Amino acid sequence: MSNVSIIIPNYNGGQYLSDCLDSCLIQGKYVEEIIVIDDHSSDNSLEIIKSYKYKRPELISYYTNPKKGACSARNFGFEKSTGEFIQFLDSDDLLEKSKIEKQLEVLYKYDNYQSLLIHGKWGRFRDNEEVYFWGPHESISKDLDPVDWMIANQMSMTGCWLTHRNLINNAGQWDESLKRNQDGEFYSRLMLKATKVLFCEEAQVFYRSGNTGSISNAKSRPSMESLLKSYQLVEKYILSLEVSSRAKLTIANMYQDFVYSNYIANPDLAALAERKVKELGGSELKLPGGTVLRCLSSLFGWKQALKIKKVLNKGV
């Protein structure tokens, strides 16, 4: 039964797009349509998309994003889609050949499958290399209530999920104002409408690392502002489901990680996040880094340690 729409936003992904599309085509009878939304690419992406459209006109369609950005491309693709389930996939990532089949098998065991979210395993890889890291973290590699999934505060990735379109209609589409953590915010918001978050270990996605064109690699000031905004939204979502010490600690740790990352480059943003940490009762998150940085932190405190690190880096 064809009931899945695969939506692929693409910007200058010509180098990887064929592999991505091939991984979608081998999903077989479960895929109703593959929709590519090109985000005004300047490489050979359009030629590749047209060649695949020519080979499989009944299955593949493509559009130019009327706006700009991955989130607006996903939203436009969703509006064009007709499938009961939605598979979002970045144009440099790959689906394992039975990914969608395995997740549908699990979902259809439940009468309330329309209200269930399901994700799977993801493997990081670089060009022409084997997978060097498998996720997600063991704490979310199992079926969980939505609030427990969010409080675990671990990463999944966009392509892992298979989502019933009713959940998206009920929770709302991708937040086009965000430049960072768009998927974290989006799927956290979907969890507010879900009754359970399922995990299917046999459903696998291959997640490409080292693509310097990816917006997720951006460390600009607007990117950091957007990341902080996404954390503020996720805070609201978690506390709408549970106000507890564990919920507050999870959120505080999230903000504390932001503080460490921005204390030097964006001290005003770090100060905002640090106030959030205090309001929530404090964080237990230690300064990440190597042995030297940890020693400096234990001797002088984490703020001085980061300042010393900055001076040392300038001298290199």
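Bear in mind these aren't lab numbers, they're just calculated from the coordinates by the rules spelled out. Computed from a prediction, not measured in an experiment: that's the story for all the values here. Note that we place each Cβ from the backbone using ideal geometry, even for glycine, and neighbour counts take in every protein chain shown.
By the helix-only formula, in which each DSSP H run with n ≥ 4 contributes -39500 (n - 2.57) and the sum is divided by residues, the chain has a 222 nm mean residue ellipticity of -14000 deg cm²/dmol.
Taking 0.36 nm per residue of separation and subtracting the Cα-Cα distance, full extension of the segment from Thr82 to Ile308 would add 75.8 nm.
Reported to the nearest whole Å, the Cα centre-to-centre distance from region 117-148 to region 214-266 is 21.
Only beta bridges with both residues in region 4-211 are counted; by DSSP, about 30 percent of them are antiparallel. Remark: Lys236, Lys248, Lys53, Lys314 ranked as Lys314, Lys236, Lys53, Lys248, counting other beta-carbon atoms within 10 Å and listing the fewest first.
Mean Kyte-Doolittle of at least -1.0 and a Cα length of 30 Å or more along the axis: which whole DSSP H helices of the chain meet both? All intermediate terms of the calculation are to be shown ahead of the outcome.
On the way: long enough: 221-241 (31 Å, -0.03).
Once both thresholds are applied, what remains is 221-241.
Could the peptides 6-17, 61-72 be put in order, highest first, of the mean number of other beta-carbon atoms found within 10 Å of their residues?
On the way: 6-17: 23.2, 61-72: 17.1.
Highest-to-lowest ranking by the protection proxy: 6-17, 61-72.
Any idea which of Tyr113, Leu269, Pro9 is furthest toward the positive side of the dipole for the chain, if Lys and Arg beta-carbons carry +1 and Asp and Glu beta-carbons -1? It is Leu269, whose Cα lies furthest towards the positive end. When Val36, Val243 are sorted by how many other C-beta atoms sit within 10 angstrom of their C-beta, beginning with the fewest, the order is Val243, Val36.
Using Cβ point charges alone (K and R +1, D and E -1), the dipole size of the chain about the Cα centre works out to roughly 1220 debye. Counting neighbouring Cβ atoms within 10 Å and putting the fewest first, the residues Asp127, Asp148 line up as Asp127, Asp148.
Volume per residue, Å³, of the convex hull around the alpha-carbon atoms of region 257-316? Could the numbers behind the result be given before it?
Details: hull volume 4.8 nm³, N = 60.
Hull volume normalised by residue count: 80 Å³.
What is the Cα centroid distance between region 155-211 and region 46-110, reported in whole angstrom? The distance from the Cα centre of region 155-211 to that of region 46-110 comes to 14 Å.
Candidates Ala152, Leu198, Gln103 compared by Cα position along the dipole of the chain: farthest toward the positive end lies Ala152, with charges placed on Cβ.
Less than 5 angstrom separates the built amide H of Tyr62 from those of Val36, all sequence-distant by 5 or more or on a different chain.
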